[in-house]
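Worksheet for the structure shown next.
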Amino acid sequence: MTDLAFLNARRSVPSRQLGEPAPDDATLRRLLEAALRVPDHGKLTPFRIRVLRGEAKRAFGRALAQRAEENDPGLSDAKREKERQRYEHAPLVLVVSAKIDGDSKVPALEQDLTAGCVAYNLLLGAQALGFGAQWLTGWAAYDREVAKLLGMKKSEHVIGFIHIGTPSIEAPERDRPSYDEIVSVWTP
Ligand SMILES: Cc1cc2nc3c(=O)[nH]c(=O)nc-3n(C[C@H](O)[C@H](O)[C@H](O)COP(=O)(O)O)c2cc1C
């Protein structure tokens, strides 16, 4: 691939279209090491990654379904099942979090952006290795009980759940923002 072809081909694959195999441990390590190379104001390393696979991943899905029910005791069986199933599809989920240094003069927003770059690198890296990936958040990314379950203290929060696996379909292209709407030349 030359020039910008890789970025022009970038797209997410919906998590329900992701199956086995996921990257094996050695490949995952290479992917993670590459993804850590992000711009980072103050070199604070304000991010962490948790790997969910196999039974641990399924247990996380079950815990989310339970938490969803606690948040909404009237939750229908169908909705509860949908919550649980979110973690049944892709064989690998990486939880990217931002660990904010509140004493730093680097604004928290910038630390979040650095963690977001890690998440985006994981999407790019997974695709470069021939896998598919999708960045998901949903309510669980903002629920403090879920953060606690993942072992996060107050200063840490979820940036995204990156679902990775082998695509079962070629993900359809979606409309992309138009250049003319987005780009302008500023003049004083
Ligand atoms: C921070 C963030 C959170 C997202 N959360 C969700 C989500 O919870 N559910 C969802 O369907 N898509 C979510 N998306 C969108 C998908 O990751 C993806 O961008 C979308 O499926 C379009 O695919 P594309 O990446 O090829 O444009 C999120 C994207 C970002 C950047």
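The values are calculated or read from the model by the stated rules, or taken from the named source; none is laboratory data. Model, not experiment: these values are computed from the prediction. Please note: Cβ atoms are built from the backbone with ideal geometry, for glycine as well, and neighbour counts cover all protein chains shown. All accessible areas refer to the heavy atoms of the entire protein, side chains included, with ligands and DNA or RNA removed. Shrake-Rupley method; radii C 1.70, N 1.55, O 1.52, S 1.80 Å.
What accessible area per residue, rounded to a whole number of Å², is obtained for the chain using a probe radius of 1.4 Å?
I get 61 Å² per residue for the chain.
For ASN8, what charge total do you get from the other residues with a beta carbon under 15 Å from its beta carbon, if Lys and Arg give +1 and Asp and Glu give -1?
Neighbour charge sum, excluding ASN8 itself: +1.
Give me the tail of P(r) for the chain as a percent: Cα-Cα pairs with distance above 21 Å.
Cα-Cα pairs in the chain separated by more than 21 Å: 56 percent.
Highest mean first, what order results for 32-43, 118-129 on Cβ atoms within 10 Å?
Averaged packing, sorted descending, gives the order 118-129, 32-43.
Add -39500 (n - 2.57) for each DSSP H run of 4 or more in the chain, then divide by its residues: what number comes out at 222 nm, to the nearest 500 deg cm²/dmol?
Dividing the helical sum by the residues of the chain leaves -11500 deg cm²/dmol.
Calculate, for ARG53 and ARG10, the FRET efficiency according to 1/(1 + (r/R0)^6) with r their C-beta to C-beta distance and R0 25 Å; round to the nearest 0.05.
With R0 = 25 Å, the Cβ-Cβ based efficiency is 0.55.
Normalised by the residues of segment 23-153, what does the relative contact order come to in percent, with Cα pairs under 8 Å and at least six apart?
33
Which links in LYS57/LYS105; LYS43/LYS154; LYS57/LYS79 stretch past 30 Å when you go from one Cα to the other?
Listed pairs above 30 Å: LYS57/LYS105.
Among the trypsin sites (Lys or Arg not before Pro) within segment 83-149, which fall in a DSSP loop and have no more than 16 other Cβ atoms within 10 Å of their own Cβ?
LYS105
What FRET efficiency, computed as 1/(1 + (r/R0)^6) with R0 = 25 Å and r the Cβ-Cβ distance, is obtained for ILE169 and ARG30, rounded to the nearest 0.05?
0.45
List the residues of segment 40-54 whose backbone N lies under 17 Å from a point placed 7 Å from the Cα of LYS105 along the Cα-to-Cβ direction.
Output list for this probe position: 41-44.
Leaving out ligands, DNA and RNA, what percent of the accessible area of the chain is carbon and sulfur, probe 1.4 Å?
Carbon and sulfur atoms account for 53 percent of the accessible area of the chain.
Calculate the dipole size of segment 83-137 relative to its Cα centre from +1 charges on Lys and Arg beta carbons and -1 charges on Asp and Glu beta carbons; express the result in debye to the nearest 20.
Charge dipole of segment 83-137: 140 debye, to the nearest 20.
Highest mean first, how do 89-98, 67-76 rank when packing is the count of other Cβ atoms within 10 Å averaged over residues?
89-98, 67-76
Is there a quick way to get the dipole size of the chain? I mean about its Cα centre, with the Cβ of Lys and Arg at +1 and of Asp and Glu at -1; what is the value in debye to the nearest 20?
Its charge dipole is roughly 480 debye.
Extending each Cα 7 Å along its Cβ direction at ARG80 and SER184, get the distance between those two points in nm, one decimal.
Result: 5.2 nm between the two label points.
Please work out how much length the chain gains when fully extended from ASN71 to ALA128, using 0.36 nm per residue of separation minus the C-alpha to C-alpha distance, in nm with one decimal.
Net length gain for the segment: 16.7 nm.
What residues qualify as long-range amide H neighbours of LEU92, i.e. H under 5 Å apart, gap of 5 or more or another chain, H built at 1.01 Å from N?
The answer is ILE164.
Work out the charge dipole of the chain with +1 on the Cβ of Lys and Arg and -1 on the Cβ of Asp and Glu about the Cα centre, then indicate which of LEU52, ILE164, LEU122 is farthest towards its positive end.
Selected residue: LEU52.
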